[in-house]
Structure formats: C-alpha cells, structure tokens
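A quick write-up on the structure given underneath.
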Amino acid sequence: MKKILFIQTAFTGDAILTLPALQMLKQSDPDSHIDVLCIPSTEEIFLASPYVDNTIVIDKRGKHKSLISLFRFANELRKKKYDVVYSAHRSLRTSVLVLLTEAKESYGFSNSSLKYVYKNVIQYELNKHEVQRNLDLIGYAYNEESWKIRPSIKFTEEATSKVNDFLNSISTDKLIAIAPGSIWATKRYPSDKWKKIVSYYSEKSYSILLIGGKDDEKLCDSISENISGKIFNAAGKLSITESINLLTRCKLLISNDSAPTHFGMCAGIKVLTIYCSTVPGFGFYPYLSGSRFVSFNDLNCKPCGIHGHKECPLDHFNCANKLSEYEIIRIAEEMLNESQTS
C-alpha cells in the first residue's frame, strides 16, 4: 500500500480546490492511503472528502509556531514513512517539513521556497486555474474540459438534518444565495450595491440566503436592513460543509472572489463571482458549466494584489465602484433564465 501525504495549509478556498487532485490520486491507485496535512480551519473539508483516509493538523499560529515545535512535528511525520509527499503549499515552513519527512519521492512547485528540497519540481503555471495546477502537481493528464472536476464531499446525516431544520420555514422554490463577505476589504463589493441586488430579488419574490462566516454576520444584517421580503441571514450559523449542503438547494450563488465561490463549485450550482481588486486570471474563477464572473477591467491599477488589501491603495476603489450592480443583476437574470429553459 502506497502511503501518500498531501500538504495544503492555505485558506479555505485553496483547500476546496485541492479536492479534485485528491480524487484523481485515489482513483489512480485505490489501494493507496492518503493523509492530508492541513490547518485547523480546513480540516472539516478534508474529513468530508471520500478520497482522504486521514487528516493531520498543523497549528501554524499556535502550538506549532516555534522552530522547536516544528521539528518535533516533522519527527512525527517522518515516523509515518511516507512513500510520496505532494505539497500544494509553497512556504519555507512547508519545504522544511517536506525535507524532514525523508519521503522516497516528493513533488513541489517551481515557485516554492527552497524548491530544490523537492525531488520533483513541477512548473507553476500562472495562466492556469488552481485546479489545473494541482492536477499538474500529481501528474494527471487532462484536456480543456476534463480538468473541470467538481470538488466532491460527503454530507453527514447531522449536517443534512441541520440544514433541513434551517430551511424548514423557507420556500426553496425560488431560492438564491448571496455571499457578500471576504477577509480582504478590497475584494468586498460595496454593501450599498449588495442592498440593491437583494432588494431586486426580494421584489421578484425570491427567498434570499445571505451566507458567510461569523465575521460576516453584521455585514449581512446591514445589507438586509429595511428590505422587506424573504431574506435570511445564515452567516455564522453553519459550518463549511453545512453551508455547502445549503447551497445545493439554491438556484444561484452570487459571491465575491472568496471561499463561497468554491463552496458553490462543491454544491454543483451556478455561481456568479464578482471581481473587485483581483482578476479571474489568478486562477480562482468558477469553472463548472453555467457559472460566470464579472469584473470592471478598464483600470491601470487593477489588479493591485493577488489577495487584496485592507483598503484601496489609491483611495478610490474604482474596481468596485465602477462595476454596476445592474450589470450584475443582468448577468444573474440570464443565468437564472438559462436554468428555467434547460
């Protein structure tokens, strides 16, 4: 039995976009044992994957922060005697861990810190989608369409039951979801524009779910304030997998360039992603059939960073302010109409 360690210690969205590679790894060698090294906030995602055998959590900001604790952690990994290590994460800490595992084979990207630690260095292609890059890492051959693999997770009975209870008093005939949050301020479409979008769909008798983490609860409250209709704030009330389960009941998700976009990919629904300071070319756009994205690109200052900023570096935030909410509604309407005619 081949023992494989896959390292992904980045954010939630990155973790979800790792799932297709894990699926292909397992399908290519069903008898292999796959462990995933992840951070506490993403363990839930990998535990829900039917292609992952075990998770190992590293608390980079807590108990594993010091150099001594890192070496102790690496020693425990080495005892597991992995045959192969794949690292989608590219930090110096990760490269040190890979070196200390003493695995027979290791694969990392060409832009990794200490890339020569890896026995096999895979070219990191900036013009590709993140899913494609992860498939490159494991050596999976694909064409223009075959890489578009839906990230697969399984729902527990408890998760499904909790979502059913949450939706108990909500009509699911015309149900859409909106994710207005992001940890990066310049990725967040302005709340006053979100209010107009929510108001539009409320007037069209849609039930609207506002989703996000606990930190997005106040933002979601402010967006729904003084708007009549069937608007429900689910922010902070559901876990990641529960949120994905919830999205499977929706006809459409409108989201910033943030983790909920990838929740929608897992749920297999249409996603409309709004790009403010970032661009689809970074490789994190929604890719399943019927999904789309929208971006105001006629700016010399865009993109201003791969992750975004706490505030607009030029104090005008034109990447968001010049992107009309009516254009977003127009595209969303086309997507909904396509669903009705298909």
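Since every read-out is calculated from the coordinates, none of them should be taken as a lab result. As the structure is a prediction and not an experimental result, all values here were calculated from the model. FYI the Cβ positions are ideal-geometry reconstructions off the backbone, even for glycines, and counts take in every protein chain you see.
Taking Cα atoms only, the orientation of helix 19-28 departs from the longest principal axis of the chain by about 50 degrees.
Using Cβ contacts closer than 10 Å as the measure, can you line up 2, 162 from fewest to most? Present the calculation step by step, with values, prior to reporting the outcome.
Numbers: 2 14, 162 17.
Fewest-to-most ranking of 2, 162: 2, 162.
A cut-off of 5 Å between modelled amide H atoms, ignoring neighbours fewer than 5 places along the same chain, links residue 64 with 59.
Mean projected area of the convex hull spanned by the Cα atoms of region 159-341, taken over all viewing directions: 9.9 nm².
Normalising the average separation of contacting C-alpha pairs (under 8 angstrom, six or more residues apart) by the number of residues puts the relative contact order of the chain at 14 percent.
Summary value for region 159-341: 23 percent relative contact order, contacts being C-alpha pairs under 8 angstrom separated by 6+ residues. Over region 279-342, the hull volume per residue, using the convex hull of the C-alpha atoms, is 99 Å³.
For residue 251, a cut-off of 13 angstrom between C-alpha atoms picks up these aspartates and glutamates, skipping any fewer than 8 places away in its own chain: 173, 333, 334, 338.
In sequence order, region 180-185 has phi-based couplings of x, x, 5, 6, 9, 4 Hz under the Karplus curve 6.51 cos²θ - 1.76 cosθ + 1.60, θ = phi - 60°, and Gly or Pro positions carry x. Which whole-angstrom value gives the distance between the alpha carbon centres of region 294-309 and region 122-149? Region 294-309 and region 122-149 have Cα centres spaced 24 Å from each other.
Across the cross-link table entries 195/322; 104/128; 3/119, which are compared at the Cα atoms, the separations over 21 Å belong to 104/128. Close amide-amide hydrogen proximity is noted between residue 257 and 274, 276, each under 5 Å apart and 5 or more residues distant or on a separate chain (H modeled in the peptide plane; Pro and chain starts excluded). In the chain, helical runs assigned H by DSSP with n ≥ 4 each contribute -39500 (n - 2.57); averaged across all residues and rounded to the nearest 500, the mean residue ellipticity at 222 nm is -10000 deg cm²/dmol.
How would region 3-138 be classified by its alpha-carbon gyration tensor: rounded, prolate or oblate, with rounded meaning a/c under 1.5 and the a/b versus b/c comparison settling the rest? Rounded, since a/c falls under 1.5. For the residues 210, 238, 314, a GNM of the chain with alpha-carbon springs under 10 Å puts the largest fluctuation on 314. Measure nothing but the geometry: give the 0 to 90° angle between the long axis through the Cα atoms of 67-79 and the longest principal axis through the Cα atoms of the chain, rounded to 10°. Roughly 70 degrees, rounded to the nearest 10.
By count of other Cβ within 10 Å, fewest leading, how are 36, 121 ordered? Intermediate results must be reported in sequence, preceding the final value.
Details: 36 28, 121 16.
Lowest count first: 121, 36.
Phi-derived couplings, Karplus 6.51 cos²θ - 1.76 cosθ + 1.60 at θ = phi - 60°, listed residue by residue for region 91-103: 7, 4, 4, 5, 4, 5, 4, 4, 4, 6, 5, 6, 5 Hz, with x used for Gly and Pro. Taking amide H atoms as placed 1.01 Å from N in the peptide plane, the amide H of residue 86 lies under 5 Å from those of 5, 6, 7, 107, each 5 or more residues away in sequence or on another chain.
Across region 245-284, the residues whose backbone nitrogen lies under 12 Å from the label position 7 Å along the beta-carbon direction of residue 150 are 248-249, 264-270.
In sequence order, region 216-233 has phi-based couplings of 9, 4, 5, 4, 5, 4, 5, 6, 7, 4, 6, 10, 7, x, 8, 10, 10, 8 Hz under the Karplus curve 6.51 cos²θ - 1.76 cosθ + 1.60, θ = phi - 60°, and Gly or Pro positions carry x.
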